[in-house]
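Following: one structure in structure tokens, then a few remarks.
What follows draws every value from the coordinates through simple rules; no lab data is involved. Everything numeric here is computed off the predicted structure, so don't read it as measured data. We place every Cβ from the backbone using ideal geometry, glycine too, and count neighbours over all the protein chains shown.
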Amino acid sequence: MDVEILTSLLGWSTVINWGILFFWFVMLVVARNWVYQVHTQWFKINKDRFEEIHYQLMGFYKIMIFLFNLVPYIVLRIVIN
């Protein structure tokens, strides 16, 4: 795989993953009760635990975006130039 293609792949992957994270955040802000109701149909969970789980998962997802998408993208951009 060409380095420029890999750089482009990582760049777009970063953008798409940030979009997913932003959509997740907006859904929790705008439709928190609906999202909670959907999840409580599958799992017995109280509202505080629900919010804690989502907060932790969003933080983990953000760290993974940095670690596996953004940092390699920046490194390749530095190496190419």
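Of all residues being of a type in the set (D, E, K, R) and in a helix (DSSP H, G or I) in the range 35-58, which is nearest to Phe25 (Cα to Cα)? Just the residue, please.
Of all residues in the range 35-58, those of a type in the set (D, E, K, R) come to 44, 47-49, 51-52.
Checking which are in a helix (DSSP H, G or I) leaves us with 47-49, 51-52.
Details: Lys47: 16, Asp48: 17, Arg49: 17, Glu51: 11, Glu52: 13 Å.
That would be Glu51.
Here are some conditions: (1) under 28 Å from Pro72 (Cβ atoms); (2) aliphatic (A, V, I, L, M); (3) in a helix (DSSP H, G or I); (4) free of Cβ contacts under 8 Å to residues at least 40 places away in the same chain. Met1 meets all but one. Which one does it not meet?
Met1 satisfies every listed condition except (3).
Out of Val75, Val79, I need the residue that is loosely packed, with under 10 Cβ neighbours inside 10 Å, among the β-branched types (Val, Ile, Thr) and not in a loop (DSSP other than H, G, I, E, B). Which one?
Sole residue among the options that is loosely packed, with under 10 Cβ neighbours inside 10 Å, among the β-branched types (Val, Ile, Thr) and not in a loop (DSSP other than H, G, I, E, B): Val79.
Quick one: in the range 45-58, which of the residues that are under 19 Å from the mean Cα position of the chain (by Cα) and surrounded by 11 or more Cβ atoms within 10 Å (Cβ to Cβ) is nearest to Val15 (Cα to Cα)? Before you say what the answer is, go through the steps one by one.
To start, the set of residues in the range 45-58 that are under 19 Å from the mean Cα position of the chain (by Cα) comprises 50-58.
Okay, now just the ones that are also surrounded by 11 or more Cβ atoms within 10 Å (Cβ to Cβ), so 50-55, 57-58.
Working: Phe50: 27, Glu51: 25, Glu52: 26, Ile53: 24, His54: 21, Tyr55: 21, Leu57: 19, Met58: 16 Å.
The extreme case among them is Met58.
For the range 1-36, enumerate the residues that are under 19 Å from Phe68 (Cα atoms) and β-branched (Val, Ile, Thr).
Val3, Ile5, Thr7, Thr14, Val15, Ile16, Ile20, listed by residue number.
Restricting to the range 52-63, give me the number of residues that are of a type outside the set (Ser, Thr, Tyr), under 18 Å from Ile20 (Cα atoms) and without any contact (Cβ under 8 Å) to a residue 12 or more places away in the chain. Step through it out loud before you land on a result.
So the first thing to find is which residues in the range 52-63 are of a type outside the set (Ser, Thr, Tyr), and the list is 52-54, 56-60, 62-63.
The next check asks that each one be under 18 Å from Ile20 (Cα atoms); those that pass are 53-54, 56-60, 62-63.
Restricting the remaining residues to those that are without any contact (Cβ under 8 Å) to a residue 12 or more places away in the chain gives 53, 56-57, 59-60, 63.
Qualifying residue count for the region: 6.
If you go through the range 32-49 one residue at a time, do you hit one that is within 19 Å of Gly19 (Cβ to Cβ) and free of Cβ contacts under 8 Å to residues at least 24 places away in the same chain? Spell out how you get there, then give the answer.
As a first pass, look at the range 32-49 and keep what is within 19 Å of Gly19 (Cβ to Cβ): 35.
Filter once more, so that each one left must be free of Cβ contacts under 8 Å to residues at least 24 places away in the same chain: 35.
Looking for residues that are within 19 Å of Gly19 (Cβ to Cβ) and free of Cβ contacts under 8 Å to residues at least 24 places away in the same chain, one finds at least one in the range 32-49, hence yes.
Can you pull out every residue in the range 19-44 that is surrounded by fewer than 14 Cβ atoms within 10 Å (Cβ to Cβ) and β-branched (Val, Ile, Thr)?
Selection gives Ile20, Val26, Val29, Val30, Val38, Thr40.
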